[in-house]
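Visitor: Before I ask anything, let me first share the structure, which is written out below as structure tokens.
The values are calculated or read from the model by the stated rules, or taken from the named source; none is laboratory data. Not measured: the values here are computed from a predicted model. FYI the Cβ positions are ideal-geometry reconstructions off the backbone, even for glycines, and counts take in every protein chain you see.
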Amino acid sequence: MRRIVFACVWAAYFIPGPATAQDPAFSQFFASPLSLNPALTGKFNGSLRVAGNYRNQWPQINNAFITSTVSIDGNILGGRLPAGDAWGIGALAMTDKTANGILTSNYFSISTAYQKALDENGWNQLGIGFQGTYANKMLDGSKLHFEDELDQQGGWTIPSAELIDGHQINLNYFDLNVGALYNGSTDGNNNLYFGASAYHIIQPKESFTGNSYYVLHPRITLHGGYSFPLSSGNNNNFVHFSGLFSKQANATNAMLGAAWSNNLTGNDASPINFYLGVWARFSNLTDAIIPYIGLDAGPFTVGMSYDVNVSSLKSASQSQGGIEISLIYIKRPSEGSKSIPCPKF
């Protein structure tokens, strides 16, 4: 199995001619706003948001993919903008380790978005966002081994492939992402949104050898959701539908699901919301069923999900998919501030 993983990394970077690769992705896409759509920068009810995500996918396949992020965003110039408008700025750091750390990818992004109110209540907004990213990737050649290096005693004759000379090789580049978002409500309680984003619009080229490369194709994502209370006049129980469709080169990723939430305290001023949901992912084939559990307590929202692998890879992964944890802190607006409906899932 180690040779399979190593071969995948090798094929992605050293086969002559253009190749393709996929971006890291979260099952809780709604809990990582700045990696989903730059237009979500500053799109929340509060003055400051800090979000963290951790995902360990297919741990039985030699720690195939471990992805972590942390982001911070907020709004500026609130008193100087037209009523209902908002201008957000934010930063995102992401690290992705592939094949037990053979390939480590680090990203640092700065984003900004402007939300324009379409009505006097601010319930309907149209936003556009931009994001610049600095990327660094490190390939550890000392961990790469191939069949022709195996000696008769079961050891390795050389530390790694001669092509990379057993060393750690780095590459760096700048990237650009854009996004748009519509958010609407009919009564201030329900919420409907549609978004679209394009990552890697300048299509940077990556190469560790100088004579072979792959083009980082744009990732186009469409996403949306609808939340509403189960009964009028009672905001203790909500249903939240959401989904996305993403395409990068020939790879597609579609997710669709819903969550139910219940305010355990029954108090709108200081709610404790419990969430229970499930999503399904289809990535060129039926991929995973993803149960989700979450909790709002004060300024914190914590969520946990698990990918139940139902694809043809379940034999290699020993039917283990990927665990994912998210934690979001939102500094609530000052008392008396106007609440604007915002996407939650």
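Visitor: Which of the residues spanning segment 240-252 are farther than 27 Å from PRO341 by Cβ and either surrounded by 15 or more Cβ atoms within 10 Å (Cβ to Cβ) or touching a strand residue (DSSP E or B) at 6+ places or on another chain (Cβ under 6 Å) (or both)?
Guide: LYS247, GLN248, ALA249, ALA251
Visitor: A further question follows. Working only within segment 212-240, note down all residues that are in a strand (DSSP E or B) and either free of Cβ contacts under 8 Å to residues at least 12 places away in the same chain or under 18 Å from the mean Cα position of the chain (by Cα) (or both). Give the derivation first.
Guide: Restricting attention to segment 212-240, the residues satisfying the condition of being in a strand (DSSP E or B) are 214-215, 219-231, 234-240.
Residues satisfying the conditions are ARG219, ILE220, THR221, LEU222, HIS223, GLY224, GLY225, LEU230, SER231, ASN234.
Visitor: Please state which of the following conditions ALA51 fails to meet, knowing it meets all the rest: (1) among the hydrophobic types (A, V, I, L, M, F, W, C); (2) touching a residue at least 12 places away in the same chain (Cβ under 8 Å); (3) in contact with a Phe, Trp or Tyr (Cβ under 7 Å, 6 or more places away or on another chain).
Guide: For ALA51, the exception is condition (3).
Visitor: For segment 102-122, give me each residue that is within 28 Å of LEU176 (Cβ to Cβ) and assigned to a loop (DSSP other than H, G, I, E, B).
Guide: Selection gives ILE102, LEU118.
Visitor: I've got another one for you. Would you please name the residue that is surrounded by the most Cβ atoms within 10 Å (Cβ to Cβ), looking only at residues in segment 187-218 that are in contact with a His (Cβ under 6 Å, 6 or more places away or on another chain) and under 17 Å from ASN250 (Cβ atoms)?
Guide: It comes out as LEU216.
Visitor: Is it true that some residue in segment 226-237 is modelled with pLDDT of 95 or more and either under 16 Å from ASN37 (Cα atoms) or β-branched (Val, Ile, Thr) (or both)?
Guide: So far as segment 226-237 goes, no, none of its residues is modelled with pLDDT of 95 or more and either under 16 Å from ASN37 (Cα atoms) or β-branched (Val, Ile, Thr) (or both).
Visitor: Taking PHE130, is it within 17 Å of the chain's Cα centre (by Cα) and closer than 29 Å to ALA258 by Cα?
Guide: yes
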